[in-house]
Amino acid sequence: MTDIKIPLRDMRFAMRELFDWDQHYASLGYEEATPDLVDAILEEGAKFCENVLVPLNQIGDQQGCTWKDGEVITPEGFKEAYQQFVEAGWPSLAHDVEHGGQGLPPSLGTLMSEMVGTANWSWGMYPGLSHGAMNTLEAHGTPEQKETYLAKLVEGSWTGTMCLTEPHCGTDLGILRTRAEPNADGSYAITGTKIFISAGEHDMAENIVHIVLARLPDAPPGTKGISLFIVPKFLPNSDGTVGERNGVVCGSLEHKMGIHGNATAVLNFDGARGFLIGPPNKGLNCMFTFMNTARLGTALQGLAHAEAGFQKSLAYAKDRLQMRALSGPKNPQGPADPIIVHPDVRRMLLTQKAFAEGGRMLILLCAQQVDRTHKGSEEEKKEADELLAFLTPIAKAFLTETGFESANLGLQCFGGHGYIAEWGMEQNVRDARIATIYEGTTGVQALDLLGRKVLMSQGELLRRFTKVVHKFCQTEVDNEALSPFIGKLEELNKQWGDLTLHVGAKAMENPDEVGAASVDYLMFSGYAVQAYLWARVAKVANDKLAGGSGEVDFYKAKLATARFFYDRIVPRTAAHAAAILSGADNLMELDAEHFAF
């Protein structure tokens, strides 16, 4: 099994050369986030991930988690790695100083999460879920709740979870049944069962803070009657230490396709003491703070599996000898040529490369907006929040779909060896599969994008983005070096708006048109956003080469990948557009009883 290396050069390219994060940090007042400090963080993070987490990835898959009498033991080395992670201060990197954090930009935390996820996604979910719990408490918790829970979560001695799903309901949270009965002391007795709880029980931290959706006795039906609660595994003492065990127990672990190193728990709440976060019956609003964090985190999962699969299959393709190149031997001294000479292998490798590097750009564009929502002016915060709202469902769904495609292409590069466990490629496919389901499936994200973010805003959120793309195209229209990109990008940008108008008009006659078009619309949107980013890459690379950069091969590789994306990947948008225009009738005309005879 080949080792994973953190792609620091490409991360720095996206950060500094594409998005100018040094200026970005300075403009927001992150004075401590100097280039030297950022580089030091990246270097140390890469060392931890490569030396500690990568070797545990296959161990976690093979051993899995062990459940006994409500307790869970994580795979060999997981607990020790987490202790190192906490001792190095990684959990506190991008959280507020007042709660024990280091006060660095959230986007730096995103970079660290990418490194961790690429090295070992199953392990990374244990600290990863805590970020959503922290963000929810920061946004909606009382001063007392923050004092009790936030510092422990920030330092990493406690971890957090998100408890939404129940056996009878997944995405439709309006029918959840978990009850919250008021206690005399102002707390609540939480009773019910939650399933699919990632990192829901483990031995890596001294306490686990569950963020739980439940219903108050007088709650109205549906989503308007959901409240949000803190339910710790151990009730905290007044001095901050862990006290008595709360009434929440892990009933079992799910037997699942992948991510075996992470404990996906069934949690039984039996009168567990919980504490209300935010207003009664407004829990879903508060939970979206957690959900949006988790959605961007899941987008990272798509990127992580694309990067891991690409690295492994690239190394294999350079080494594996099989057949001769059609254009003549490229390894005449050997019995055969390395498979990287074959066009179809290059198609698979370049697709993975384009999706990994393009996914990184989209993630960092989103991360930049998160920074602005924290420290920008009120106008900047509003603008960044709206752009983030538009980009989040695209990032989550598109990157997980292309991440799974990339993981499969990585396996395919290995041929039969990819199907064998020792190479790690089939694990990468299994681990990647859940990402398109997590935090709202691709279909749910697509409805959020087209229905809520685009049509319900009368197209305003889309127009703001397409105006940025149009302005870029107008600025570069006479740049001969970018001629392979600008015309296609302008056409794609206009088509995006035209398709939106078409679906909006059809939906006035038949609401099913939105659901029928939504996934194709989302995928079209993902390709369009990445086409814009790859055109920007081409501009940077051309400018660097024209300026006499010493990294000629690096920038030529960027240009070649951009051309591949435009020539081989962008044409996929034509099929998505055709499917959108075909309408809803071909999906809805078949009677449910007639699907099979």
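The values are calculated or read from the model by the stated rules, or taken from the named source; none is laboratory data. A quick note: this is a predicted structure, and the numbers were derived from the prediction, not measured. Heads up, the Cβs are rebuilt from the backbone with ideal geometry, glycines too, and the neighbour counts pull from every protein chain shown. When the accessible area is computed, the model is the full protein with side chains, heavy atoms only, and any ligands, DNA or RNA have been set aside. Shrake-Rupley method; radii C 1.70, N 1.55, O 1.52, S 1.80 Å.
Worth pointing out:
- Those residues of the stretch 505-532 which are open to solvent by less than 10 Å² (accessible area, probe 1.4 Å), closer than 17 Å to residue 489 by Cα and over 18 Å from the mean Cα position of the chain (by Cα), in sequence order: 521, 524, 528, 531
- Residues being surrounded by 24 or more Cβ atoms within 10 Å (Cβ to Cβ) and outside any helix (DSSP H, G or I) - total across the stretch 381-423: 0
Listed here are the residues, each with its yes/no results for (1) closer than 28 Å to residue 46 by Cα; (2) acidic (Asp, Glu); (3) open to solvent by less than 30 Å² (accessible area, probe 1.4 Å).
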position: 200; (1), (2), (3): yes, no, yes
position: 203; (1), (2), (3): yes, yes, no
position: 213; (1), (2), (3): no, no, yes
position: 218; (1), (2), (3): no, yes, no
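- Tally of residues being assigned to a helix (DSSP H, G or I), over 11 Å from residue 45 (Cα atoms) and without any contact (Cβ under 8 Å) to a residue 60 or more places away in the chain across the stretch 102-129: 1
- Once the stretch 424-445 is narrowed to residues that are of a type in the set (D, E, K, R) and open to solvent by less than 40 Å² (accessible area, probe 1.4 Å), the residue that is farthest from residue 346 (Cα to Cα) is 439.
- Residue list for the stretch 424-437, restricted to those being out of contact with any Leu (no Cβ under 9 Å at 6 or more places or on another chain) and either part of a helix (DSSP H, G or I) or more than 17 Å from residue 310 (Cβ to Cβ) (or both): 427, 430, 431, 432, 433, 434, 436, 437
- Scope the stretch 232-257; condition open to solvent by less than 40 Å² (accessible area, probe 1.4 Å) and closer than 18 Å to residue 276 by Cα; matching residues: 232, 233, 235, 236, 246, 247, 248
- Among the residues of the stretch 40-61, those that are in contact (Cβ under 8 Å) with a residue 12 or more places away in the chain and over 30 Å from residue 422 (Cβ atoms) comprise 41, 42, 43, 44.
- Selection of the stretch 119-178 for residues being open to solvent by less than 20 Å² (accessible area, probe 1.4 Å) and of a type in the set (Val, Ile, Thr) yields 136, 154, 159, 161, 178.
- Restricting attention to the stretch 352-391 and to residues that are touching a Leu at 6+ places or on another chain (Cβ under 6 Å) and polar (S, T, N, Q), the residue that is nearest to residue 448 (Cα to Cα) turns out to be 369.
- Residues of the stretch 277-311 classified as among the basic types (Lys, Arg) and either farther than 25 Å from residue 453 by Cβ or assigned to a helix (DSSP H, G or I) (or both), total: 1
- Test: residue 210 is within 16 Å of residue 277 (Cα to Cα) and not β-branched (Val, Ile, Thr): yes
- Residue in the stretch 173-188 that is part of a strand (DSSP E or B) and small (Gly, Ala, Ser) present: yes
- Looking only at residues of the stretch 552-597 that are acidic (Asp, Glu) and open to solvent by 80 Å² or more (accessible area, probe 1.4 Å), we find that the one that is nearest to residue 491 (Cα to Cα) is 567.
- Of the candidates 501, 489, the single residue that is of a type outside the set (Asp, Glu) and either open to solvent by 20 Å² or more (accessible area, probe 1.4 Å) or over 19 Å from residue 18 (Cβ atoms) (or both) is 501.
- Boolean, residue 283 is at pLDDT 95 or above, over 29 Å from residue 413 (Cα atoms), of a type outside the set (A, V, I, L, M, F, W, C) and in contact with a strand residue (DSSP E or B) (Cβ under 6 Å, 6 or more places away or on another chain): no
- Residues satisfying the stated conditions in the stretch 325-365, i.e. part of a loop (DSSP other than H, G, I, E, B) and crowded, with 16+ Cβ neighbours inside 10 Å: 325, 337, 342
- Pairing residues of the stretch 579-590 that are within 11 Å of residue 510 (Cα to Cα) and among the aromatic types (Phe, Trp, Tyr) with residues that are open to solvent by 60 Å² or more (accessible area, probe 1.4 Å) and modelled with pLDDT under 95, at Cβ distances under 6 Å and at least 6 apart in sequence or on separate chains, gives no pairs at all.
- Subset of the stretch 137-172 [small (Gly, Ala, Ser) and part of a helix (DSSP H, G or I)]: 139, 151
- Where a residue in the stretch 215-239 is outside any loop (DSSP other than H, G, I, E, B) and its partner, wherever it lies, is of a type in the set (Ser, Thr, Tyr), with Cβ under 8 Å and at least six apart: 215/178; 215/227; 228/136; 229/188; 230/149; 232/149; 236/148; 236/149
- Selection of the stretch 312-324 for residues being surrounded by fewer than 13 Cβ atoms within 10 Å (Cβ to Cβ) and part of a helix (DSSP H, G or I) yields 318, 319.
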